[in-house]
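Notes follow once the structure below has been shown.
Each reported figure results from applying straightforward, stated rules to the coordinates on display, with no laboratory input. Please read these numbers as outputs of a predicted model, since none were measured by experiment. As a convention, Cβ positions derive from the backbone with ideal geometry for all residues, glycine included, and neighbour counts pool all protein chains shown.
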Amino acid sequence: MLNLFAKKDPADVASAKKPAPTKPQDEVLESEKYYQEGLAKLNDIIAPAAIQIMPKSIRIGETIAQTIFIIAYPRYLHSNWFSPIINIDMPIDISMFIHPVDTYDILKTLKKSATQVESQIQIEQEKGLIRNPSLETAQQDIDELRDKLQQGTEKFFRFALYITAYGDSEQSVTKSIKSIEAILEAQLVYVKPAVFKSEQGFNSSLPLANDELDVGTNMNSSPLSTTFPFVSSTLSSNTGILYGINRHNNSLIIFDRFQMENANMVVFAKSGAGKSYTVKLEVLRSMMVGTDVIIIDPENEYRHLCDTVEGTFIKISLNSTNHLNPFDLPRVGEEDDPEDILRNNIANLLGLLHIMLGSITPEEDSVLDRAIHETYSIKDITAEVDFNSLGKDSFPTMSDLYQVLRSLDGGEVLAVRLEKYTEGIFAGFLNHSTNIKVDNQLVVFNIRDMEEELRPVAMYMILQFIWNEMRTNVKKRIVLVDEAWVMMKYEDAASFLFGVAKRCRKYFTGLTTITQDVNDFLSSRYGKAIVTNSSLQLLLKQSPAGIDVISDTFYLTDQEKFLLLESNVGEGIFFAGTNHVAIKVVASYSEDQIITTDPSQLLDIERAKKEFAEEE
């Protein structure tokens, strides 16, 4: 840079009197100066070694780029039509240029076009030709657009959309371009390559806001708004666990269910869709962040997971040594009312007896209510007693209730019906004091070997035991009820499950209900109520028989219904509050070895364990 304000040195004045060197000599000296200094500018550092401009593409260093532009759109554009290109897994650049057009100028053009179209229609009518639908449609579109422009509800623009794909070779770039063309042309959007304008196309795709290609289409506001690129929703937070991958944009679905208004979750899927795999993955990852988990397992699917993490596995069956007493009372806190606790437990016992004894008349219900009160009184258990001082052996059992019913007027028939649970074939099930503890981070109640008739009773009794445990020890906990449709078939069991779903958030607990029989679950009047009280919902692959019920319950679009019908294993829709995204459940190799439900894979794991034990 020439410094006009510097003081002149005497030596410079002397040298100025010498004759100036010739022009070639100046160039040599200047080149020598740059060579000696080794000066490298920023442009020299970031610039590629060479650029080769070809008719359809441009080579920048080792990378080849090819640009295409959109030349034609369909009559109607729906929102999100450009989302597949935005989220495509390819190295591409997308540029959109929106040039506003003055409304006054376009109104004059539209007026001229309307006159031409109307004249053409009249000419064809005078010739006796049949009506031309294309002309009539054009006339309607022009009139409608003129009205909206005149009213100010629409604006007019010239819109240009360019896509530049990159690759290491001509073949890879051509493959990417063909994939993009196939996606767009399936929606009646047609493109052309920037032939002999590859350099202008590349420059137009750079973030320089230079539309050197200058190939646009006239559009008003409504269709232009559908090109808004940021439409794929994300569902990720700074805390929580990884539930899966967003199928739209490959983002991570990381969520903390305990930060919602409630931590409840429902999982609906057909058999073999991966619901148990997904839930076990959530259980494993939740345990990593310190969450306790209690599971009701009807099919022995959680045994391998429980053994791996050294959890407590409790088998409940007629011949099991593990017993639960439905007459147990929870511990009383400072804010709890003992009378309310006793009354609630009696109400839960009535619900259990309704399932055990079948249909109960109102008169028999009153007899049972009185009998339960007297059964507690025989053991000196009233609202005035300190429940916290009572041991497990202090509570009555079903045999005590049986004896009370035999001595009550109107209770003889009920005693006979209850006899099979106290002295008959089911006597070993729930006629003992509780002898189990749930002091482990993972506790699994297994009822696989329970008779089909007793499964609803077992699930109800286990859930009642868990409910008392939740009230006694408040901690961050997930309660998982698999095959919940079994309980939904019984009014009292469904009501109790709904009560747990509605109230468990007060005890820092989230209830997860899993079912494959969607119709049975949602046909209960408590089914939809449980869904409504669940902040998280996970829908995996559905059967055609249940998709309509699912669609009506979750207000799914036709596209979402098709997604659930065609999803692969572990794929579906994840709802969190008002947001929902398409999810793909992904596990690491180590996690897969722990949570797998594939019988062949489980046999291989067991075989490997035996071989390892023999080597030891």
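With only Lys, Arg, Asp and Glu charged, each at its Cβ (+1 for the first two, -1 for the last two), find how big the charge dipole of the stretch 323-435 is about the Cα centre; round to the nearest 20 debye.
Numbers: 8 positive and 21 negative charges, 119 e Å.
In debye, rounded to 20, the stretch 323-435 gives about 580.
Any idea what the dipole of the stretch 51-225 comes to, in debye rounded to 20, about its Cα centre with Lys/Arg Cβ at +1 and Asp/Glu Cβ at -1? Before the final figure, lay out each step's value.
Values: 16 positive and 22 negative charges, 42 e Å.
That gives the stretch 51-225 a dipole magnitude of about 200 debye.
Hey, got the Cα dimensions of the chain along the principal axes, in Å, largest first?
Rounded to whole Å, the extents work out to 130, 90, 54 Å.
Among HIS304, HIS373, which comes first, then next, by fewest other beta-carbon atoms within 10 Å? Before the final figure, lay out each step's value.
Numbers: HIS304 18, HIS373 15.
Fewest-to-most Cβ neighbours within 10 Å comes out as HIS373, HIS304.
Sort 502-509, 339-346, 107-114, 568-575 for me by packing, meaning the mean count of neighbouring Cβ atoms within 10 Å per residue, highest on top.
Working: 502-509: 18.0, 339-346: 16.2, 107-114: 14.0, 568-575: 20.4.
Packing order, densest peptide first, comes out as 568-575, 502-509, 339-346, 107-114.
Largest first and in whole Å, give the semi-axes of the stretch 469-610's equivalent ellipsoid, each being the square root of 5 times a Cα gyration tensor eigenvalue. Could you put the intermediate results ahead of the total?
Working: eigenvalues 141, 110, 48 Å².
They are 27, 23, 16 Å, listed from largest to smallest.
By how many degrees, between 0 and 90 and to the nearest 10, does the Cα long axis of helix 275-288 differ from the longest principal axis of the chain?
Between the helix axis and the principal axis of the chain, the angle is about 90 degrees.
Taking neighbour counts of Cβ atoms within 10 Å as a proxy for exposure, in what order, fewest first, do ILE121, ILE177 appear?
Numbers: ILE121 17, ILE177 23.
Sorted ascending by nearby Cβ count, the order is ILE121, ILE177.
Ratio to report: Rg/Rh of the stretch 323-435, with Cα atoms as the point set and Rh obtained by the Kirkwood method; give two decimals. Mind dumping the intermediate values first?
On the way: Rg = 13.8 Å, Rh = 14.4 Å.
Expressed as Rg/Rh, it is 0.96.
Run the numbers for GLU136 and ILE46: contour at 0.36 nm per residue of separation, minus the present Cα-Cα distance, in nm. Before the final figure, lay out the partial values.
Details: separation 90, 0.36 × 90 = 32.40 nm, distance 5.65 nm.
Fully extending the segment from GLU136 to ILE46 adds 26.7 nm.
Calculate the dipole size of the chain relative to its Cα centre from +1 charges on Lys and Arg beta carbons and -1 charges on Asp and Glu beta carbons; express the result in debye to the nearest 20.
On the way: 59 positive and 87 negative charges, 479 e Å.
Using Cβ point charges on Lys, Arg, Asp and Glu, the chain gives about 2300 debye.
Just to confirm my numbers, what's the Cα centroid distance between the stretch 434-452 and the stretch 139-172 in Å?
63
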